[in-house]
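Here is the structure we will look at, set down as structure tokens.
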Amino acid sequence: MKSHEEIYNLLKEKFGDAIGQSITNLPVESFIEVSPLKIHEISYFLRDDNELLFDNLMLLSGLDDMNDKKVKQEDGSIADVPGTLSVVYHIESTSFRHKIVLKCSCPKDKPEVESVNSIWRSADWNEREAYDMFGIIFLNHPDLRRILMPYDWEHGFPLRKDYKNPEFYQGMKVPY
Amino acid sequence: MIIYEYLSELFGSPVLASVIQSLFPLIFLIPFALFAVWLERKVSAFMQDRIGPNRVGKHGWLQTVADILKLIQKEDITAANADKPLFNIAPVLVFAGSYLAFAAIPFSSAYIGSSIDLGLLFIVAASGFVVAGILMGGWASNNKYSLLGAVRSAAQVVSYEIPTVLVILSVVMLTGSLSLYELSEMQTSSIHNWILFGGNAPLLQKILLIPFMFIGFIILYISSLAEVNRTPFDIPEAESELVAGFHTEYSGMKFAMFFLAEYANMFAVSAIVSAIFLGGYQSPFGYLGNTLGLTWLVPIEQFLWFSAKGLFFVFVQMWLRWTLPRLRVDQLMALCWKYLIPIAFVNLLIIGLIVLIKI
Amino acid sequence: MREYFSNIWSGLFTVLVGMKITFKHLFEPSVTIQYPDEKPKLPERARNRLYVNMDDCIGCDQCSRACPVSCIEIETVKALPTDDLGKTSQGKKKALWVTKFNIDFAKCCYCQLCVFPCPTECIYMTETYEFSEYQRDSLNYSFVTLTPSEIEEKKDNFAKFEAEKAAQKAAAAAPKPAQKTDE
Amino acid sequence: MSDYSNLKTEEMVLNMGPQHPSTHGVLRLEIKLDGELIVEVKPHVGYLHRCFEKHCEAMTYPQIVPYVDRMDYLASMSNELGYAIAVERLMGIQVPERVEYIRVIMAELQRIASHMVALGTYGLDIGAFTPFLYLFADRERILSIFEETCGARLLYNYIWVGGLSHDLHPDFIRKAKEFVTYFRPKITELNNLLSYNKIFIERTANVGILPIETAINYGMTGPNLRASGLKWDLRRDDPYSIYDKFEFDIPVGKGWVGTLGDCWDRYFVRVLEMEQSLNILDQALAQIPDGDVTSAIPKRIKPAERQIYTRVENPRGELGYFIVSKGGLQPHRVKVRPPSFISLGLMNELCKGHLVADVIAILGSIDIVLGEVDR
């Protein structure tokens, strides 16, 4: 059984820059920020390290951080800086009973996160769902298709905060 | 027999007599099928703490009539890519196959469709008809589920004919006859003359025979269940896997034909089982007609006994259906080839020895 | 070899055990309720069709806001100071004409969330559960007691009242800037 | 001798569902067959997608409760319990003891009801029709008990954030106790009729074997995981509500009639769990204290900006709610971890090399509810 800080320190020592800050000031749940392109490596370590053995991915969820900003540029015009999309990993160890939350954020215009499908197979459908709902691209995922939405859905990713309902879907008015 | 002779005299032509006589089972069969469908629903309902059909007629006994009326009125749908001629012939063939079996079944001493000497063999052969029909229907439907069901059915029915024939063989060794009429006549007068209890053999032989006859009886009953595709052997139409198996695509009257054939088959195999082992149309106690001196009453009594025995086995089939889960296709084959056939062989051998010893 | 015979034995035995159970059930009374002929008695808390007692409704819109599927539509018009709307049965004074109170039972999910916040307990679940219709529109129930002409009247009255008030206000306010410009 | 060399064999694609008698709802399985042997199973889901997570973003916290009911519609009480606990932890609400007791009683009754459907439909899948109706008739008793207390039979909206919508009906305790004594012998009857039936054992033993490592790696939880031999029950291992006050066993699969983690184990673990739930009910019904059930319901649910993941042991496994609040009346994001969704991802792994009939056996044994898979 390891505490959040211990795990954080262990990770920080091993991966250095790939590990962001550990956010623990929240009253209910702390999490560790992780670089999205290193998540595979880190997960691999988390699962197979003898002291950690995080063998169960409880939940992988996409998240729109809703931090789009409007920034005034030098010439006075206002430009939209797209916010970030996040993937939150809740993992636990069935043998040591410790849990940890990882969060990796990627910019909205290039939402790419490494897939952890090969480490925890339960990530397979969860990643497909995150792709389906947020358009997060999971690199090296073997079968990244839509899962809950129709395969021919062309109107974007519905759980993004800037999603607009389409007026027509396959010639049918929405709402009917 | 008597009826046939009477009819030949009446019309003066044995051909015409045969044709007319061949319609008799139909008169029995259609009300029976209606009744059996109703019975099946009622039995299942009572076993499951339900009420069952009770809206049409008293206790819902007209329900099946209403259902048939509905089926007749329904549009006759043939799937677009089905092989139409085969698709249309299949239900007829299936029904013809099961109707064919009735030709050799002795309903009473006065009536048997055709008292051929090879009656038992004829019935076993006639069930091949049904397989052809089912295969045809499954193939012609151009539906994967139907095809799987049909292929399963063919394998199943053909396999289960072997234990059936082996058991029949053991009976034939004892009685020396393949004619169901003769078999029935042999088991006359009393319950201890039933082949299940050793038939007409001498006492000691009978005692030796009884356990093996029982084993034979159980094997025959199990394989007859499989031949008519009833649970636990209903894999050709396993509704939880194959939707409805070979008759998935059928509707309306064609579906009703399959349905009718199924219930006709149920009665046919029950009748055969009772004719082989349980005295056929013979009463276990003797006849009221004989005691009263009314000889014309005897055939009627015989017919009633025959129907009662048949119905009892039909009821057991329903009872089993609403109790048991379904076997898987490979387990079905394993049951046949690993259990029923070896046991039937050994049983055959032992019965043969007992008969041979002639104590 | 032993397994072979134990298989046969367990096969036959368990089948017979099962048959015994189903046979016993053959003679047990059925549990079916013959629905249209005999109807089960609903418990007092049963949640079925909503009813609104308009005499008590004060038009506070709380039920509509609590509804998770937005099936309640309420529109109100303010009463004039001269109007007397009466009181609810609990003695609250009404101040709004309810000109529209529609519940669309095609949408309603019978969660009862609208019942709890009602201050006058005028919306509640009744025992009616058979109200299917052939047209989806006929499931849209209107509970308003006012006739359409009355609604028009109330709306007109209020508009006139507002206009008068605005005119008064304008009249009261108009001279001031004028005075200012004078100065 | 005929020449068979020019005979061609090919794999057949069998489309099972969305309309099929035993896909437990609108699930489509694309099965690649070699004869009757399965080469690959591809589940297609989403036919029942009702945008739960999108809806939540526009709902206030109490309004989400009726939506939560509709996810796993066979275990609505358990869903509500999980959601209520999640929001309560998010806001730091302590609920009265009576509420906790009632919640546990409701959740355990619901577990029994849900397992009844699972076991009954499993029998149906295998071809035994009768146990299904016996179990459904008994389930009606539970639903009637629920209906008396909260007014609905299936979608209760009973467990609210911070409390309950109603107090127990005065008859509740008596009826629940009656049910517990009534139902114990019924489990034996079910076992005799179905569980120990040779044909049933043949159909389910050694079919769809799930080794423990695979099970954990695929995120299996609940009875499916326990059937593979891991003693893992959130009521014990991540306690919530007042489950630590009760004595109960956690049944695990032992490979009773076949291999550890086969379909029969998954089935039988559920049977044993029903017995344990009855034990919990016995204790809870005896100890239930008096009190007010609505006192802790907050007038306004507006958590501060924070996030939480809470999980409860649903009849189908670990049901988790990941709630992110940005401080408004509405949650920023509610993500559900539906146990059926995760379990269904395993279908291909379990089915490979089995027969068509086994797909049904396996699908039934992992016990999915499509309402929860698609949300």
Inset, instruction - Being touching a helix residue (DSSP H, G or I) at 6+ places or on another chain (Cβ under 7 Å) and either free of Cβ contacts under 8 Å to residues at least 12 places away in the same chain or more than 9 Å from chain C (Cβ to nearest Cβ) (or both) is the filter; apply it to the stretch D:157-170 and report the residue that is surrounded by the fewest Cβ atoms within 10 Å (Cβ to Cβ). - result: D:Leu168
Legend entry - Looking only at the stretch D:330-343, and only at residues there that are within 9 Å of chain A (Cβ to nearest Cβ) and assigned to a helix (DSSP H, G or I), the one that is farthest from D:Ile64 (Cα to Cα): D:Ile342
Inset, instruction - Output the qualifying pairs, or none if there are none: Cβ atoms under 7 angstrom, residues six or more apart or on different chains, first residue in the stretch D:344-372 and within 19 Å of A:Ala123 (Cα to Cα) and within 13 Å of chain A (Cβ to nearest Cβ), second residue open to solvent by 10 Å² or more (accessible area, probe 1.4 Å) and assigned to a helix (DSSP H, G or I). - result: D:Gly345/A:Asp124; D:Gly345/A:Trp125; D:Glu349/D:Thr214
Legend entry - The lone exception for D:Glu349 - which of (1) outside any helix (DSSP H, G or I); (2) surrounded by fewer than 23 Cβ atoms within 10 Å (Cβ to Cβ) it fails: (1)
Legend entry - Test for B:Gly137: is it more than 14 Å from chain D (Cβ to nearest Cβ), within 13 Å of B:Pro236 (Cβ to Cβ), out of contact with any Cys (no Cβ under 8 Å at 6 or more places or on another chain) and crowded, with 24+ Cβ neighbours inside 10 Å: yes
Inset, instruction - Check off (1) at pLDDT 80 or above; (2) not in a helix (DSSP H, G or I) for B:Leu304 and give me the number that stays unchecked. - result: (2)
Legend entry - Residues satisfying the stated conditions in the stretch B:238-253, i.e. within 19 Å of B:Ala150 (Cβ to Cβ) and surrounded by fewer than 24 Cβ atoms within 10 Å (Cβ to Cβ): B:Glu239, B:Ser240, B:Val243, B:Ala244, B:Thr248, B:Glu249, B:Ser251
Legend entry - Tabulated pairs, the stretch C:142-169, first at negative phi and assigned to a helix (DSSP H, G or I), second buried (at least 16 other Cβ atoms within 10 Å of the Cβ) and polar (S, T, N, Q), C-beta under 6 angstrom, 6+ apart or interchain: C:Ile151/C:Thr99
Inset, instruction - Could you identify the single residue in B:Ala66, B:Ala110, B:Ala45, B:Ala80 that is without any contact (Cβ under 8 Å) to a residue 40 or more places away in the chain, more than 21 Å from B:Glu262 (Cβ to Cβ) and hydrophobic (A, V, I, L, M, F, W, C)? - result: B:Ala80
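Here's the yes/no breakdown for (1) farther than 25 Å from B:Ile123 by Cβ; (2) in contact with a strand residue (DSSP E or B) (Cβ under 6 Å, 6 or more places away or on another chain); (3) part of a helix (DSSP H, G or I):
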{"site": "B:Leu260", "(1), (2), (3)": "no, no, yes"}
{"site": "B:Ala268", "(1), (2), (3)": "no, no, yes"}
{"site": "B:Tyr281", "(1), (2), (3)": "no, yes, no"}
{"site": "B:Gly286", "(1), (2), (3)": "yes, no, no"}
{"site": "B:Phe312", "(1), (2), (3)": "no, no, yes"}
{"site": "B:Phe345", "(1), (2), (3)": "no, no, yes"}
{"site": "B:Leu349", "(1), (2), (3)": "no, no, yes"}
Inset, instruction - Would you mind finding the one in D:Pro43, D:Pro62, D:Pro21 that is within 12 Å of another protein chain (Cβ to nearest Cβ) and touching a Pro at 6+ places or on another chain (Cβ under 9 Å)? - result: D:Pro62
Inset, instruction - Kindly indicate which of C:Tyr51, C:Tyr35 is more than 14 Å from the chain's Cα centre (by Cα) and open to solvent by 30 Å² or more (accessible area, probe 1.4 Å). - result: C:Tyr35
Inset, instruction - Determine whether C:Asp56 is under 28 Å from C:Gln112 (Cα atoms), free of Cβ contacts under 8 Å to residues at least 24 places away in the same chain and open to solvent by less than 60 Å² (accessible area, probe 1.4 Å). - result: no
Legend entry - Residues of the stretch B:50-76 that turn out to be under 16 Å from B:Met318 (Cβ atoms) and within 14 Å of chain D (Cβ to nearest Cβ), as a count: 2
Legend entry - Filter result (within 28 Å of C:Lys20 (Cβ to Cβ) and open to solvent by less than 20 Å² (accessible area, probe 1.4 Å)) within the stretch B:54-69: B:Gly60
Inset, instruction - Of the conditions (1) open to solvent by 20 Å² or more (accessible area, probe 1.4 Å); (2) within 13 Å of chain C (Cβ to nearest Cβ); (3) under 24 Å from D:Tyr134 (Cα atoms); (4) touching a residue at least 24 places away in the same chain (Cβ under 8 Å), D:Lys177 clears all except one; give me its number. - result: (2)
Inset, instruction - Can you tell me which residue among B:Ile351, B:Ile276, B:Ile343 is more than 14 Å from chain D (Cβ to nearest Cβ) and open to solvent by 10 Å² or more (accessible area, probe 1.4 Å)? - result: B:Ile343
Inset, instruction - Considering each residue of the stretch D:285-302, count those that are among the basic types (Lys, Arg) and either in contact with a Gly (Cβ under 8 Å, 6 or more places away or on another chain) or surrounded by 14 or more Cβ atoms within 10 Å (Cβ to Cβ) (or both), and give that number. - result: 1
Legend entry - Residue count for the stretch A:12-45, restricted to those that are open to solvent by less than 70 Å² (accessible area, probe 1.4 Å), more than 11 Å from chain D (Cβ to nearest Cβ) and hydrophobic (A, V, I, L, M, F, W, C): 8
Inset, instruction - Test D:Leu154 against the stated conditions and say whether it is open to solvent by 30 Å² or more (accessible area, probe 1.4 Å) and under 30 Å from D:Met91 (Cα atoms). - result: yes
Inset, instruction - Residue by residue through the stretch B:211-250, note down the ones that are more than 14 Å from chain D (Cβ to nearest Cβ), more than 22 Å from C:Gly11 (Cβ to Cβ) and either under 20 Å from the mean Cα position of the chain (by Cα) or of a type outside the set (D, E, K, R) (or both). - result: B:Phe246, B:His247, B:Tyr250
Inset, instruction - Determine whether D:Thr149 is away from chain B (no Cβ under 14 Å) and either open to solvent by 10 Å² or more (accessible area, probe 1.4 Å) or under 26 Å from C:Tyr129 (Cα atoms) (or both). - result: yes
Legend entry - Unique residue being under 22 Å from D:Asp167 (Cβ atoms) and either more than 14 Å from chain C (Cβ to nearest Cβ) or in contact with a Lys or Arg (Cβ under 6 Å, 6 or more places away or on another chain) (or both) when the list is D:Ala75, D:Ala84: D:Ala84
Legend entry - Residue ranges of strands (runs of 3 or more DSSP E) in the stretch A:46-152 with at least 3 members open to solvent by 10 Å² or more (accessible area, probe 1.4 Å): A:69-72, A:78-81, A:99-107
Legend entry - D:Ala304 being among the small types (Gly, Ala, Ser) and within 14 Å of chain A (Cβ to nearest Cβ): yes
Inset, instruction - Give me a count of the residues in the stretch D:52-90 that are over 30 Å from D:Asn15 (Cβ atoms), in a helix (DSSP H, G or I) and not polar (S, T, N, Q). - result: 22
Inset, instruction - Can you work out which of the residues in the stretch D:261-292 that are assigned to a helix (DSSP H, G or I) and of a type in the set (Asp, Glu) is farthest from D:Leu119 (Cα to Cα)? - result: D:Asp282
Inset, instruction - Say whether the condition of being closer than 17 Å to D:Val369 by Cα and buried (at least 22 other Cβ atoms within 10 Å of the Cβ) is met by at least one residue in the stretch D:94-104. - result: no
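The values are calculated or read from the model by the stated rules, or taken from the named source; none is laboratory data. For clarity, every value in this text was computed on a predicted model and none was experimentally measured. Neighbour counts are summed over all protein chains in view; Cβ atoms, including those assigned to glycine, are modelled from backbone coordinates with ideal geometry. Side chains are part of the model used for accessible areas, which takes the heavy atoms of the whole protein and leaves out ligands, DNA and RNA. Shrake-Rupley method; radii C 1.70, N 1.55, O 1.52, S 1.80 Å.
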